[in-house]
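Report on the structure given below.
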Amino acid sequence: MKKNILKNSGVQSLLASLVCVILGLLIGYIVLLFINPDGAGEAITDVMKNFLTYSKPETQVKYLGNTLVKTAPLLMCSLSILFAYKVGLFNIGAAGQYCIGVALSLYAALAWGWSWLPCMLLAMLGGALLGAISGLLKSYCNVNEVISGIMLNWIVLYLTNMLLTQVKEDTSPYTFVLSHKNASAILPSLGLGSLFNGNQYVGLALPLSIVIAILVWVVLEKTRIGYELRATGNNKNAAKYCGMAEKRNIIMTLAISGMLAGLGAAMLYLTGYEQWQCSTSSVPGMGFNGIAAAFLGGLNPIGAILASFFIQHITAGGAYVDKSMYCAQISDLISSIIIYLCGFVLFMKYAMNTAIAKREEKAALKEKERAQTPEVSDNGKGGDQ
């Protein structure tokens, strides 16, 4: 019975994720000990506590809302990576697709005065088109999607800075405050803000991201198109032989993946929670953290929900580390160590499967030896009588 449980993919994913998280915290704690042993225990505790650092329940609930606000876009980026990976593709261009989602949604809201729904749809369209470019290059020019994705990330980052410079404040590098410039572009609250002590940023993005995660699972696992996409990713030549349009499926996969990343950007910036800094010189980490969330969640859309919340939880918790003992970057270091180890979930599952296979092989050999050993008769006599 125990072996059957351990061979279950869901159980393996859970155990592998827990091992990676524990190892990450342990390594982070060791790093803190080397820097300043006096506050190491308190620092690692602060990372894990996050909003629980506050003593008042009302304040805890409000800052939990802030964590959830940033969990929604991270979940979308995670689903973007996951969707492509399930189809045998690695969409490292999710960061660039996230950028174009920021650019189009904010520009439409601040320059054209559009409401939230067309802004969100435009962000989705932009992400889909950018993903489709990688798909076209892979399908017709045999350009690896990783190479084209990385190149597009940087191209789109600087195009985003150029475009949003048109709608930035005169005295700062940040775009206009959305709630002041165009309140109609703010995502509806749906009354969810009142559940988080009046947190104005909590709204439509949170339930919508969960619904989309479930929808992605249904499409991949329960539909014909999902089967075709996965078949194409596993072996495009076999898929072509079976009559599947492998080039169309690759382009469609990366377009859907890009659409999810672009939607994630709209889910964050159309809440008014953040403003884009037009002097940004590095690709947003949200797209890359989505890789960690996808693998930590066991490449399962439902697991990605929990993984995205955990990663955002520790990322936000790092801000509470005592800056008098540690530099400001130490929180990012701890979070990065944990996120880095999240990428070893598949390796952990492979190690578990290997160990289980060896154990079963040994048990089978013992059983075979036992079956081949001649039995001694009950009267203790052997040979011919």
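State the label only: which of [x] 223; [y] 173; [z] 138 corresponds to volume of the Cα convex hull per residue in Å³ computed from the shown model? Recomputing volume of the Cα convex hull per residue in Å³ here gives the entry labelled [x].
In what sequence, highest mean first, do 347-354, 158-165, 309-316 appear when ranked by Cβ atoms within 10 angstrom?
Details: 347-354: 14.6, 158-165: 17.2, 309-316: 21.9.
Answer by packing, highest mean first, reads 309-316, 158-165, 347-354.
Per residue, the average separation of C-alpha pairs within less than 8 Å and at least 6 apart gives segment 33-118 a relative contact order of 11 percent. Keeping every protein chain present and rolling a 1.4 Å probe, give me the accessible area per residue for the chain in Å². Here the per-residue accessible area is 50 Å².
For the pair ILE147 and ALA319, the difference between a 0.36 nm per residue extended length and the Cα-Cα distance amounts to 58.6 nm. Taking all protein chains together and rolling a 1.4 Å probe, GLU228 ends up with roughly 30 Å² accessible. Packing around the peptides 64-71, 101-108, taken as the average count of other Cβ atoms within 10 Å per residue, puts them in this order, highest first: 101-108, 64-71. Taking the chain as a Gaussian network of alpha-carbon nodes connected by springs under 10 Å, the highest mean-square fluctuation of the residues CYS141, CYS77, CYS99 belongs to CYS141. Taking the longest Cα principal axis of the chain as reference, the axis of helix 246-269 is set at about 50 degrees. Here segment 308-359 and segment 49-80 have alpha carbon centers that stand 17 Å from each other.
Packing here is the average count of other Cβ atoms within 10 Å per residue, and on that basis the peptides 144-152, 284-292, 192-200, highest first, run 284-292, 144-152, 192-200. Under 5 Å between amide hydrogens, built in the peptide plane, is the criterion, and for TYR174 it picks out GLU169, CYS278 among residues at least 5 positions away or on other chains. Output the 0 to 90 degree angle, nearest 10, between the alpha-carbon long axis of helix 116-141 and the longest principal axis computed from the alpha carbons of the chain. It is inclined by approximately 50 degrees.
Please give the helix 330-342 orientation as an angle from the longest Cα principal axis of the chain, in degrees from 0 to 90, rounded to the nearest 10. Compared with the principal axis, the helix lies near 40 degrees.
Each Cα pair under 8 Å and six or more residues apart adds its sequence gap; the mean of these over the residue count of segment 57-321 is a relative contact order of 40 percent. Here the chain exposes an accessible surface that is 63 percent carbon and sulfur, computed with a 1.4 Å probe and the other protein chains kept in place. Computed about the Cα centre, the dipole magnitude for the chain is approximately 900 debye when only Lys and Arg (+1) and Asp and Glu (-1) carry charge, each at its Cβ.
With a simple spin-label model that places each label point 7 Å from the Cα along the Cα-to-Cβ direction, the separation between LYS358 and SER115 comes to 6.3 nm.
Per residue, the chain reaches -23500 deg cm²/dmol at 222 nm when only DSSP H runs of four or more residues are counted, each adding -39500 (n - 2.57).
Backbone geometry of segment 294-311 corresponds, through the Karplus equation with coefficients 6.51, -1.76 and 1.60 at θ = phi - 60°, to 3J(HN,Hα) couplings of 5, 6, 5, x, x, 6, 10, x, 6, x, 5, 4, 5, 5, 5, 5, 5, 5 Hz, x marking Gly and Pro.
Applying the Karplus relation 6.51 cos²θ - 1.76 cosθ + 1.60 with θ = phi - 60° to segment 24-29 yields 3J(HN,Hα) values of x, 5, 5, 5, x, 5 Hz, where x marks Gly and Pro.
Cross-link partners for LYS181 among the aspartates and glutamates, with Cα-Cα distance under 13 Å and sequence neighbours closer than 8 places in the same chain left out: GLU169. Mean-square fluctuations from a GNM of the chain, with a 10 angstrom spring cutoff on Cα atoms, peak among LEU33, LEU89, LEU260 at LEU33. Let me make sure I get this right: for segment 39-141, a, b and c are the square roots of the gyration tensor eigenvalues over alpha carbons, sorted descending. Under 1.5 in a/c it's rounded, otherwise prolate if a/b > b/c, else oblate. Which is it? Oblate, since a/c reaches 1.5 and b/c is not below a/b.
In terms of the Cα gyration tensor, with a ≥ b ≥ c the square roots of its eigenvalues, is segment 122-215 rounded because a/c is under 1.5, prolate because a/b exceeds b/c, or oblate? Could the numbers behind the result be given before it?
Working: a/c = 3.32, a/b = 1.46, b/c = 2.28.
The shape class here is oblate.
Per-residue Karplus couplings for segment 41-56, computed as 6.51 cos²θ - 1.76 cosθ + 1.60 with θ equal to phi - 60°, are listed in order as x, 5, 5, 5, 5, 4, 4, 6, 6, 6, 5, 6, 4, 6, 7, 7 Hz, Gly and Pro entered as x.
The values are calculated or read from the model by the stated rules, or taken from the named source; none is laboratory data. Fair warning: this is a prediction, and the values are worked out from it, not measured in the lab. Note that we place each Cβ from the backbone using ideal geometry, even for glycine, and neighbour counts take in every protein chain shown. Quick note on the areas: whole protein, heavy atoms, side chains included, nothing else; ligands and nucleic acids left out. Shrake-Rupley method; radii C 1.70, N 1.55, O 1.52, S 1.80 Å.
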